[in-house]
1. Restricting attention to region 221-234, and to residues there that are out of contact with any helix residue (DSSP H, G or I) (no Cβ under 6 Å at 6 or more places or on another chain) and aliphatic (A, V, I, L, M), which single residue is surrounded by the fewest Cβ atoms within 10 Å (Cβ to Cβ)?
2. For Ser130, only one of the following conditions fails: (1) of a type outside the set (D, E, K, R); (2) touching a residue at least 24 places away in the same chain (Cβ under 8 Å); (3) loosely packed, with under 14 Cβ neighbours inside 10 Å. What is its number?
3. Sort out which residues of region 58-74 are closer than 25 Å to Ala137 by Cβ and either surrounded by 20 or more Cβ atoms within 10 Å (Cβ to Cβ) or modelled with pLDDT under 95 (or both), and write them in order of number.
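The values are calculated or read from the model by the stated rules, or taken from the named source; none is laboratory data. The shown structure was predicted, so the numbers you read here are calculated from the model rather than taken from an experiment. All Cβ positions, glycine included, derive from the backbone under ideal geometry; neighbour counts span all protein chains shown.
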Amino acid sequence: MAKMTSKQNERQRVSAHIDRRLRALSEWPTGDRSRAGGASRIAEDIARGYAHLGQEKQAREYYELAAGYCAAALEQAPLENLTPDRAGHHFFTCARILWQAGQKRGSRELFGQALEHYQSGFHHEICDVSITSYHYAIYCWIFLGAFEEARNGAETCSRLQAKSEVPYSSSDVGLLSSVAGLLREGSRSSIERALAEVRHFTKKRRIHAYGAQPHPIVDVEAYVEGLFEERISD
């Protein structure tokens, strides 16, 4: 019997994971709106698994399902009791799912709402809240095409991180700053370089594109890929 390659092993692992998550979703009390957040995470996990396997139709189906559950969870989120960064995360999570589901207009609206919460946390008395707010605002600006704001926000975030007692040596802020600058140039070659930088980062950090709410850089990679494909078709 021929030995399985690492890629075949990975596909087998992801397929087995999808099967487990499908069972979990079938057993989840999806009719209970108070548990919609959990249903959204499971459905997103399934969607990203299918996307990784190249099964786009199934991926889109579960992204859309995850988006519906995420919207229900967002309606119930106690935003007034949360710090700005945590409140922003609720919108940011749903925005990522909608973007992957192909609902770009709705996604941009949610990224905008997430950004509003993050901006309200820029000068929070808790330093970590300010840093997190700036960090995730950079992602929002990139998805909204506000690349100059993303560069400026990254510079501020880096200064805050440098002053913090908490080490941020593994932060991706430097990468985001570089990517935003390259996307601001807007040429085919600069977008290609941005894509190469993101791919190098994800490979070096061994960041997977599947799983529930993976590192947001995987969605930035997909976003930059889309921009590059548009340039190729021009």
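1. So the residue we want is Ile232.
2. Status for Ser130: all satisfied but (3).
3. From region 58-74, those closer than 25 Å to Ala137 by Cβ are 63, 66-67, 70-71, 73-74; that's our starting set.
Residues satisfying the conditions are Tyr63, Ala66, Ala67, Cys70, Ala73.
For every residue, the table says whether it meets (1) assigned to a helix (DSSP H, G or I); (2) more than 30 Å from Ile18 (Cα to Cα); (3) at pLDDT below 95.
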{"residue": "Glu149", "(1), (2), (3)": "yes, yes, no"}
{"residue": "Leu160", "(1), (2), (3)": "yes, yes, yes"}
{"residue": "Leu175", "(1), (2), (3)": "yes, yes, no"}
{"residue": "Ala196", "(1), (2), (3)": "yes, no, no"}
{"residue": "His200", "(1), (2), (3)": "yes, no, no"}
{"residue": "Arg231", "(1), (2), (3)": "yes, yes, yes"}
